[in-house]
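Undergrad: The structure is given below, and queries will be raised subsequently.
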Amino acid sequence: MALIKCTECGKEISDKATTCPNCGAPVNAEGASTQESTPNVSSISHASTKPKKEKKKGSCLMTAVKILGIIIILFIVLSFLFGGNNDEESRTVESEDTSTTESSTTEATNEEADEVDNTFIVGDTVETEDCKISFLSAGEYDTGNEYLQPKDGYVFYQAEFEFENTGDSDLALSSMLGWECYADGYMVDQTWIGDENGLDGSISSGKKAKGSVYFEVPADAESVELEYETNFWTEDKVIFILK
């Protein structure tokens, strides 16, 4: 025997009763059974829909994971491609820097070599585009004239040269122009005290001239250098070491 609810008063009665003992209403067992079974069907229906919702959530999660995986793969590929290019660019820049450094070092070495080759001592010969200069001698000079003496603390210094014209045209020479003398790095005055000077005038192609230039330098100077400008336009110079 089972208990069912009365359709009129709602109280529980036996499913075997034909009328409700409480209100006297006839008992419809089939209707009551239907009412009793309806909630079960509803609950079953609700229960059956839950797995469907969970399945939908799981599908969205899998889709998100796949999208995330694709993004990560694309990022790795792009990083590899552009990273490789950056490495090549870095290597190229390093190579250019190395080449530039080597070039600068070579130029500096050449410049130092030019400076060394540009300095001459007594006995050396300098060859320029249009002449050959032989450095014959250098030293203190005594005028032998008591009225022609250097100022106190100074001495006269003489440098003797021979010029040979190796060009095709006349070569102009001057004992006054193009000469600069330095004692311990300081410029000193030039003086004209020699009796004869063959360095003023011009010489023909293949001919030679010999003469001297004179300067007044401190007696205690440790170094004396004489510069001669071999090209007026380019200001190229050679250096003769007098002391």
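Each reported figure results from applying straightforward, stated rules to the coordinates on display, with no laboratory input. Just so it is clear, the model here is predicted, and its values are computed rather than measured. Cβ sites come from the backbone with ideal geometry, for glycine too, and all protein chains shown count toward neighbours.
Undergrad: Which value in nm describes the separation of the simple spin-label points at Phe232 and Lys207, placed 7 Å from the Cα toward the beta carbon?
TA: Calculated label separation equals 1.9 nm.
Undergrad: So, one more: Given the Cα-Cα distance of Leu78 and Thr7 and 0.36 nm per residue of separation, how much length would full extension add, in nm? Walk me through the numbers before you get to the answer.
TA: Values: separation 71, 0.36 × 71 = 25.56 nm, distance 7.40 nm.
The Leu78-Thr7 span can extend by a further 18.2 nm.
Undergrad: On to the next question. Would you mind checking which residues have amide H under 5 Å from Leu199's amide H? H placed 1.01 Å from N; only 5 or more apart, or other chain.
TA: Ser212
Undergrad: Using the number of other C-beta atoms within 10 angstrom as an exposure proxy, rank Cys6, Cys131 with the fewest first.
TA: If I rank by nearby Cβ atoms, fewest first, I get Cys131, Cys6.
Undergrad: Using a basic spin-label model with each label point 7 Å from the Cα along Cα→Cβ, how many nm lie between Glu222 and Ile70?
TA: 8.3 nm
Undergrad: Name the residues whose placed amide hydrogens come within less than 5 Å of the amide hydrogen of Tyr141, ignoring near sequence neighbours (fewer than 5 apart) on the same chain.
TA: HN-HN under 5 Å from Tyr141: Phe156, Tyr157, Gln158.
Undergrad: Please state, to two decimals, what the Cα-based radius of gyration of the range 119-241 comes to when divided by 2.2 N^0.38 Å (N = residues).
TA: On the way: Rg = 14.6 Å, N = 123, 2.2 N^0.38 = 13.7 Å.
Compactness ratio reported: 1.07.
Undergrad: Rounded, prolate or oblate: which fits the range 182-229, taking a ≥ b ≥ c as square roots of the Cα gyration tensor eigenvalues, rounded meaning a/c under 1.5, else prolate when a/b beats b/c?
TA: Since a/c reaches 1.5 and a/b is larger than b/c, the shape of the range 182-229 is classed as prolate.
Undergrad: Please report the spacing between the Cα centers of the range 131-150 and the range 225-243 in Å, no decimals.
TA: 18 Å
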